[in-house]
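K.L.:
Below is the structure I would like to discuss, written out as structure tokens.
The values are calculated or read from the model by the stated rules, or taken from the named source; none is laboratory data. Here the structure is a predicted model, which means the values were calculated and not measured. Note: ideal-geometry Cβ built from the backbone for every residue, glycine included; neighbour counts use all protein chains shown.
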């Protein structure tokens, strides 16, 4: 066993890295989320503040996941179709090596924003139940949809409803 320092817990709570009201389990529909700032693989910083007040789709994936390989082209189409709308897309690669994730994206021509998994993001989106995992977070920061496993073409396409006010 290990001791948890009370100042560490205060730090985590202060920076909003825990989902829901005291939730220690997996993030679920109805929970409120506060994302940390993240750096994307292309070197941009997405601040948590820049995502506030906008609906957001977050997908957790890996380059070695066959179900992610089937879903990611569908997500790319959604990303392209909803550019210029309030709907934001952010994906989280759980690959160990960012070069593997970057090569995967390059080979497939994906342009949706990608960040690498981190302790801060695991504090929000873990424990995971499978891959891919997709969350729809409304403009108030509340999880309104959670999908574990591959979504079909029409299911991903229907997510564009969150782009409309």
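K.L.:
Among the residues of segment 67-79, is any assigned to a loop (DSSP other than H, G, I, E, B), surrounded by 18 or more Cβ atoms within 10 Å (Cβ to Cβ) and modelled with pLDDT of 95 or more? Before the answer, list the steps.
P.N.:
Start the filter on segment 67-79 by keeping residues that are assigned to a loop (DSSP other than H, G, I, E, B), which leaves none.
No, the conditions are met nowhere in segment 67-79.
K.L.:
Separate question: What residue, of 135, 79, 110, is in contact with a strand residue (DSSP E or B) (Cβ under 7 Å, 6 or more places away or on another chain), free of Cβ contacts under 8 Å to residues at least 60 places away in the same chain and under 22 Å from residue 55 (Cβ atoms)? Break it down stepwise before answering.
P.N.:
Details: 135 fails: free of Cβ contacts under 8 Å to residues at least 60 places away in the same chain; 110 fails: in contact with a strand residue (DSSP E or B) (Cβ under 7 Å, 6 or more places away or on another chain).
On inspection, the qualifying residue turns out to be 79.
K.L.:
Now a separate question. Give the number of residues within segment 39-64 that are under 16 Å from the mean Cα position of the chain (by Cα), touching a residue at least 12 places away in the same chain (Cβ under 8 Å) and over 23 Å from residue 163 (Cβ atoms).
P.N.:
Of the residues in that region, 4 qualify.
K.L.:
Among the residues of segment 143-162, which ones are under 13 Å from the mean Cα position of the chain (by Cα) and touching a residue at least 40 places away in the same chain (Cβ under 8 Å)?
P.N.:
Looking only at segment 143-162, we keep the residues that are under 13 Å from the mean Cα position of the chain (by Cα), and these are 143, 145-148.
Hits for segment 143-162 are 143, 145, 146.
K.L.:
Another one. Given (1) touching a strand residue (DSSP E or B) at 6+ places or on another chain (Cβ under 8 Å); (2) at pLDDT 95 or above; (3) loosely packed, with under 12 Cβ neighbours inside 10 Å, where does residue 57 come up short, assuming only one miss?
P.N.:
The one condition residue 57 does not meet is (3).
K.L.:
Here's something else I'd like to know. Does residue 117 count as out of contact with any strand residue (DSSP E or B) (no Cβ under 6 Å at 6 or more places or on another chain) and at pLDDT 95 or above?
P.N.:
Details: out of contact with any strand residue (DSSP E or B) (no Cβ under 6 Å at 6 or more places or on another chain): no; at pLDDT 95 or above: yes.
It is false that residue 117 is out of contact with any strand residue (DSSP E or B) (no Cβ under 6 Å at 6 or more places or on another chain) and at pLDDT 95 or above.
K.L.:
Residues to consider are 132, 113, 127; find the one that is under 24 Å from residue 41 (Cα atoms) and surrounded by fewer than 14 Cβ atoms within 10 Å (Cβ to Cβ).
P.N.:
127
K.L.:
Would you confirm, using the coordinates I've provided, whether residue 101 is part of a helix (DSSP H, G or I) and touching a strand residue (DSSP E or B) at 6+ places or on another chain (Cβ under 6 Å)?
P.N.:
Working: part of a helix (DSSP H, G or I): yes; touching a strand residue (DSSP E or B) at 6+ places or on another chain (Cβ under 6 Å): yes.
For residue 101, the condition - part of a helix (DSSP H, G or I) and touching a strand residue (DSSP E or B) at 6+ places or on another chain (Cβ under 6 Å) - is met.
K.L.:
Which condition from (1) touching a residue at least 60 places away in the same chain (Cβ under 8 Å); (2) surrounded by 18 or more Cβ atoms within 10 Å (Cβ to Cβ) is the one that residue 92 breaks?
P.N.:
Against the list (1) touching a residue at least 60 places away in the same chain (Cβ under 8 Å); (2) surrounded by 18 or more Cβ atoms within 10 Å (Cβ to Cβ), residue 92 comes up short only on (1).
K.L.:
In addition: If a residue has to be at negative phi, in contact (Cβ under 8 Å) with a residue 12 or more places away in the chain and exposed (fewer than 15 other Cβ atoms within 10 Å of the Cβ) to count, how many in segment 20-33 make the cut?
P.N.:
Filtering segment 20-33 down to residues at negative phi leaves 21, 23-29, 31-33.
Subsequent filtering for residues that are in contact (Cβ under 8 Å) with a residue 12 or more places away in the chain retains 25-29, 31-33.
Narrowing the set further to residues that are exposed (fewer than 15 other Cβ atoms within 10 Å of the Cβ) leaves 25, 28-29.
Selection size over segment 20-33: 3.
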